[in-house]
Amino acid sequence: MTDDASAGPAAHGAAAGAPAGRCGIDTVRIERIERLLAETPADDLARFFSARELADAGEGPGRAASLAARFAAKEACAKLFPRETALGRLEPTDFSVARDGYGAPQVACNARAAAAMGRHRIASISLSLTHDRAGASAVALAVPAKADVPLSGRLIYHLLPLRRSVILANLRRVYGDALPEAAIVELAQAHYGHLARLAGEFLRFRWLSAERKRALVRIDNVDTFIDALNRHKGVLILTGHFGNWEVATIAGLTHYPQVRGRFHFVRREIKPRWLDGLVTRRFNAAGFGVIGKRGSLDRILDLLAAGDIVVFPFDQHAGPPEGIVVEFFGHPEWTFRSLAIIALATGTPVLPATSWREADGRHVLSFGEPIDPIEVDDTNEAIRLNTRAYNAALERLVLARPEQWYWVHRRWKTVARRPSRRRRAKG
């Protein structure tokens, strides 16, 4: 359907090392779209265009030209990601075209497209559409994302580089084939700046009044959480070490006193022990339960049966027997299987949740839509597929604000499998 397509470097002045500084160009003949409209049942057009695109194109004589411009835009966007497109990880239909309040075209992305933009550190895609009697053309320009690197982050990176090798190794695993080294170092410095602010917030938080704590946080998409809670099966929250999770959760949920005592966090012990005790006391004082990760299955099932909320930090390494190997950012990694086992056995909805700090210092606690369960006859395969779906949800949250995820943790580890008893006996 595409008659001409190209991609190349965009204007000079892109952010350091951003392959985001690229543009995609595509042209589509209008007569081909006219044939598509004439030969394709109306329901099947959804394979090529979103419902909004079809509605915006109208039903008049300009319908084919309008849709041709939109299809050229999809193709132009896909040209910005040649590797993902060649590997079948991304398709033109992962992008769609909407219009803002002034009528200007805007790119709307599904989850796959948003993930690709995140890995290439693309903040947005600017579109230019045009058409004449014969054809429609589109130009897609990638606008690079820029990490906010405070002075504290640069100083810590150079003068107090705690676990710098771990942070850089983790960033390279995620971004190594998409970003140059300069951009990865910039993200590492931004992360150190986040950690410095995190430490200061942790120390100040306990001295704030209840009113100031509530004012620190807003909660997004709370209706989704309430809908899940109203199913009366409990709620499983899938999350990770995003933003200042403790501040966002403790302060944010004070807006909803009806859930006090109904949130329970599954967590490992923090080192050093005094810090673990301090965090646990803060959670308990705020009305949150704390559940150890080992030997807690019966308690979790009881809490869910009572309609409570259990929060799973899911971004830590989990070796056997607690974990299974599934993909995380394109690399095999040991991941907790317990969340999938519990969700499949109980039918409890799994909601992704994240938090982040905004530029003004306020925090956001945000709930995502429930993750649809994947059910197959093979139980082990069902556990694996659902665990992979949870990791995919985490990937999207990490890529949205990478500097505020906890890169210090050794997420990818090699685990030597122990020989079975049978093999040891033979030896």
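List the residues, sorted by chain then number, that are 5 or more residues from H131 or on another chain and whose placed amide H is less than 5 Å from its amide H.
S137
Where the accessible area of segment 177-247 is counted over protein heavy atoms with a 1.4 Å probe, how much of it, in %, is carbon and sulfur?
Roughly 53 percent of what the probe reaches on segment 177-247 is carbon or sulfur.
Counting Lys and Arg as +1 and Asp and Glu as -1, what is the net charge of the other residues whose Cβ lies under 9 Å from the Cβ of R337?
Here the count lands on 0.
Considering the convex hull of the alpha carbon atoms of the chain, report its projected area averaged over all viewing directions, in nm², one decimal.
Spelled out: convex hull of the Cα atoms, projected over all directions, averaged, 26.2 nm².
Which of the trypsin sites (Lys or Arg not before Pro) found in segment 296-402 are in a DSSP loop and have at most 11 neighbouring Cβ atoms, other than their own, within 10 Å? Before the final figure, lay out each step's value.
Numbers: sites: R299, R337, R357, R362, R384, R388, R396; in loops: R337, R362.
Passing both the DSSP loop test and the Cβ count: no residue.
So what are the ³J(HN,Hα) numbers for segment 300-308, from phi and the Karplus equation (6.51, -1.76, 1.60; θ = phi - 60°), rounded to whole Hz, Gly and Pro as x?
4, 5, 5, 5, 5, 4, 7, x, 8
I125: net charge of surrounding residues, Cβ under 15 Å, Lys/Arg +1, Asp/Glu -1, itself excluded? Walk me through the intermediate numbers first.
Values: positive: R22, R70, K74, K79, R99, R112, R119, R121; negative: D26, E75, E84, D94, D100.
Around I125, the charge tally is +3.
Per residue of the chain, what 222 nm ellipticity follows from adding -39500 (n - 2.57) for every DSSP H run with n ≥ 4, rounded to the nearest 500? Intermediate results must be reported in sequence, preceding the final value.
Values: 16 runs with 175 residues, N = 427.
Using -39500 (n - 2.57) per qualifying helix, the result is -12500 deg cm²/dmol.
When the Cα centres of segment 100-145 and segment 42-95 are compared, how far apart do they sit, in Å?
Using only Cα atoms, the two centres lie 11 Å from each other.
Per-residue HN-Hα couplings for segment 138-144, Karplus 6.51 cos²θ - 1.76 cosθ + 1.60 at θ = phi - 60°, whole Hz, x for Gly and Pro?
9, 10, 10, 10, 7, 9, x
Please determine, in degrees from 0 to 90 and to the nearest 10, the orientation of helix 164-175 with respect to the longest principal axis defined by the Cα atoms of the chain, where the helix direction is its Cα long axis.
40
I want to check a number: in the chain, how many lysine pairs have alpha carbons closer than 25 Å, given a sequence separation of 8 or more or different chains?
For the chain, qualifying lysine pairs total 6.
Once Lys and Arg get +1 and Asp and Glu get -1 on their Cβ, which of F49, I30, F329 lies farthest toward the positive end of the dipole of the chain?
Projecting each Cα onto the dipole axis, the largest value belongs to F329.
For segment 244-249, what does the Karplus curve 6.51 cos²θ - 1.76 cosθ + 1.60, with θ = phi - 60°, yield as ³J(HN,Hα) per residue in whole Hz, taken in order and with x for Gly and Pro?
Each residue of segment 244-249 in turn: 10, 4, 5, 5, 4, 6 Hz.
Please go through segment 210-260 and write out the trypsin sites (Lys or Arg not before Pro) that DSSP classes as loop and that have at most 16 other C-beta atoms within 10 Å.
R231, K233, R260
Given H placed 1.01 Å from N in the peptide plane, which residues other than close sequence neighbours of I270 have an amide H under 5 Å from its amide H?
Long-range HN contacts for I270: D276.
Between E369 and residues 5 or more places away or on another chain, which pairs have amide H atoms under 5 Å apart, with H built 1.01 Å from N, and which residues are they?
none
Post the alpha-carbon centroid distance, segment 175-245 to segment 272-339, in whole angstrom.
Value for the Cα centre distance between the two parts: 17 Å.
Calculate, in nm to one decimal, what R282 and H158 gain on full extension: separation in residues at 0.36 nm each, minus their alpha carbon distance.
That pair, R282 and H158, stretches by 41.3 nm at full extension.
The values are calculated or read from the model by the stated rules, or taken from the named source; none is laboratory data. Treat the numbers as computed from the prediction; the structure is a model and nothing was measured. A quick note on method: Cβ atoms are made from the backbone with ideal geometry, for glycine too, and the neighbour counts reach across all protein chains shown. For accessibility, only protein heavy atoms count, side chains too; no ligands or nucleic acids. Shrake-Rupley method; radii C 1.70, N 1.55, O 1.52, S 1.80 Å.
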